[in-house]
Every structure is written in C-alpha cells, then in structure tokens.
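Report on one structure; see the data block that follows.
The values are calculated or read from the model by the stated rules, or taken from the named source; none is laboratory data. Here the structure is a predicted model, which is why all the values come from computation and not from measurement. Glycine also receives a Cβ, built like all others from the backbone with ideal geometry; neighbour counts cover every protein chain displayed. These area figures cover heavy atoms from the full protein model, side chains too; ligands, DNA and RNA do not enter into them. Shrake-Rupley method; radii C 1.70, N 1.55, O 1.52, S 1.80 Å.
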Amino acid sequence: MTKKIRASVAMAAYNGEKYIAEQIDSIINMLSQNDEIIISYDISTDNTLAIIKDYEKKDDRIHVVFDSGHSVESNFNNAVANCHGEYIFLADQDDVWINDKINIMVKYFIDNPRTVVLIGDGYLTDSKLNKENELFKSYNTSANAFRNYIKGSYLGCQMAFRNTITTKIWPVNIHYKMPHDLWLGILGSFYGKVELISDKGILHRIHEENYSNTSKMKLFGVIKNRFLLINLLIIRLIKNIIYKK
C-alpha cells in the first residue's frame, strides 16, 4: 500500500555545499513519517551532490531528482513536479527553518479550507544567522495580488500551497525572468485565498551568493517583466478554463 504523503518540501539545489546540510537538518527535525523532502539538483561545481545523496541514503523521506534547466525556475519546477504531498512547501538551500514551521502551516490549511497559498513570517539574517529584521516588516508584505504585481513583497521560501492547485500554477515559464514566488502568489489568488501567517518559521540567510531574478533589474527591466507577467497570467488562465484543470 502506497503511503499517503502529508507535506512535501520542494528544494532547489545548486552549488549549495556551504549551507545546505544545515538547512536539511532543520527541516528533518520537523518532518513526520508521512512527509518528504524533494531536492532538485542542478549540475554544480562543488560537493552539493555528494552531500544530498548521503542524506538520501540515510533517510527514505528524502529524494534527489536531477534537473538540467540551469535556472532557479527550472529547478523548482522539477522539484514541485516530483512532490506527492497534500501541501507543498518551497525551500531555499541556504536558510534554516524554525518553530515547527511545517506543522503550524499545515494546521492553518486544515482549519482554513479556502486558503490555497500561505505565506509565513520569519527573520532576515546575516550569513551567520544573526537576526536583522522580520521579513514581513522588511518587505512590507501583503497578500494582495495587485499590490504584488506592482512590487513583490514576499519570497518563495516563505510560501506553501495546496497540491490541488499545482496543475493550475506549475510549471512556471522558464523562458522569461519570471519569479516563481510572484507567479504562485498572483495566479494562486484566482483559485482561492492567499493569506499571511504571522508565525515566524524561517531564518532567511542573506549572503554574497543569494540569487534573485529581479533585485538587480533596472526600471525598464522590471516594467518589461511585469508586462510579460500579465500576458502569461492571462494565457495560463485561459488554458486552465479551456482544459478545466
């Protein structure tokens, strides 16, 4: 009999040897026997693969899958595609999860059946995990789709969503610089409630190798990105209606 998976953690791994073990350890401490971690690995130049394969050997709840898309979006697309849980959590390779994040957010989903995307608070930290500020305060976080269309206010590592909307949302288009977190939050709002939860479940590590699609974009690039976003959203919504996904 196949085991029913409650929560899946989708992690994208690429050149992550410096911090990834600490992140995996923090997540393992929260997993039930009915949870899983799916690590999508993009070919790296460091020891990342050996580290994650060692975890996979030791814990049958951890599964490594391989991606060759050479982008963050492709890597997360691959991770999510291999998730089986009722609730899917996005995870960066260099953060640390705290305060029973998984159980708290799963309970919120259960208690609020109309909620399809949940965004949790946490802390911004330096490379040594010294707390610098709260995420919601730092980004003036909002669950409002239009507000985030203008200026994104949350990060993928704060987000979880119901598997029931997976086919409606994923995969994210990898041919444009389209942030998967922004895409999930905005498109998800068409299929249920996108909500914030004030519980702080993450230490979001800021260091010299952090990746962001839009943080270094100039104004013209951001405007172009948002124009593409609205067009892609309309196309996806129409497709979902036609195919009744």
Scanning the stretch 54-73 for residues that are in a loop (DSSP other than H, G, I, E, B) and modelled with pLDDT of 95 or more, the one surrounded by the fewest Cβ atoms within 10 Å (Cβ to Cβ) turns out to be Asp60
From the option list Ala12, Ala81, single residue qualifying as under 26 Å from Val106 (Cβ atoms), touching a residue at least 60 places away in the same chain (Cβ under 8 Å) and crowded, with 21+ Cβ neighbours inside 10 Å is Ala12
(message) Can you find a residue that is hydrophobic (A, V, I, L, M, F, W, C), touching a strand residue (DSSP E or B) at 6+ places or on another chain (Cβ under 8 Å) and within 25 Å of Lys18 (Cα to Cα) anywhere in the stretch 101-115?
(response) yes
Selection over the stretch 136-180 where residues are more than 27 Å from Ala81 (Cβ to Cβ), surrounded by 19 or more Cβ atoms within 10 Å (Cβ to Cβ) and of a type outside the set (S, T, N, Q) yields a count of 1
Expected single match for surrounded by fewer than 16 Cβ atoms within 10 Å (Cβ to Cβ) and closer than 15 Å to Ala160 by Cα among Ile110, Ile104, Ile88, Ile119 is Ile110
The strands (runs of 3 or more DSSP E) lying wholly within the stretch 105-207 that contain at least 3 residues that are hydroxyl-bearing (Ser, Thr, Tyr) are 115-125
So, first residue farther than 13 Å from His204 by Cα in the stretch 125-146, second residue open to solvent by less than 50 Å² (accessible area, probe 1.4 Å) and among the acidic types (Asp, Glu), Cβ within less than 9 Å, six or more apart or across chains; the pairs are Lys137/Asp121; Thr141/Asp121; Ala143/Glu195
Of the listed residues (Asn47, Asn34, Asn75, Asn82), the one being touching a Lys or Arg at 6+ places or on another chain (Cβ under 6 Å) and farther than 19 Å from Gly201 by Cα is Asn34
